[in-house]
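One structure is given here, and the rest of the page talks about it.
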Amino acid sequence: EKWGPRLIDVDILLYGDLEVREEDLVIPHPHLTERDFVIIPLLEIEPDVSLPGKGKLSSGYRPGEVSGVRKAFRYDKEEWHG
């Protein structure tokens, strides 16, 4: 059931230049460009990432005024006291 409870939820954002339009699978993810919490980390991993048929993601991306996305920090074992 769409939007119902499930054990795991995996969203495939991109798969190279592949475009898929099936009932149960759409690649690239149809809402990828609407979600700062997806775009910001994706651009950190791959700043030159392109969307199939649309060009570089970074060229058309404008962060939302209030994205609510905050950068997480990585702590080395020596820094962690928890």
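The values are calculated or read from the model by the stated rules, or taken from the named source; none is laboratory data. Please read all numbers here as calculations on a predicted model, not as lab measurements. As a convention, Cβ positions derive from the backbone with ideal geometry for all residues, glycine included, and neighbour counts pool all protein chains shown.
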| With respect to LEU13, is the statement that it is in a helix (DSSP H, G or I), of a type outside the set (S, T, N, Q), in contact with a helix residue (DSSP H, G or I) (Cβ under 9 Å, 6 or more places away or on another chain) and modelled with pLDDT of 85 or more true? | no
| Looking at region 45-61, which of its residues are surrounded by 10 or more Cβ atoms within 10 Å (Cβ to Cβ), at pLDDT 85 or above and either under 13 Å from the mean Cα position of the chain (by Cα) or assigned to a loop (DSSP other than H, G, I, E, B) (or both)? | GLU46, PRO47, VAL49, SER50, LEU51, PRO52
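Let me confirm something: among LEU7, LEU42, which residue is loosely packed, with under 11 Cβ neighbours inside 10 Å, closer than 26 Å to ALA72 by Cα and out of contact with any Pro (no Cβ under 8 Å at 6 or more places or on another chain)?
Every option except LEU7 fails the conditions.
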| task | Could you please find all residues in region 13-31 being free of Cβ contacts under 8 Å to residues at least 24 places away in the same chain and surrounded by 13 or more Cβ atoms within 10 Å (Cβ to Cβ)? | result | VAL26, ILE27, HIS29
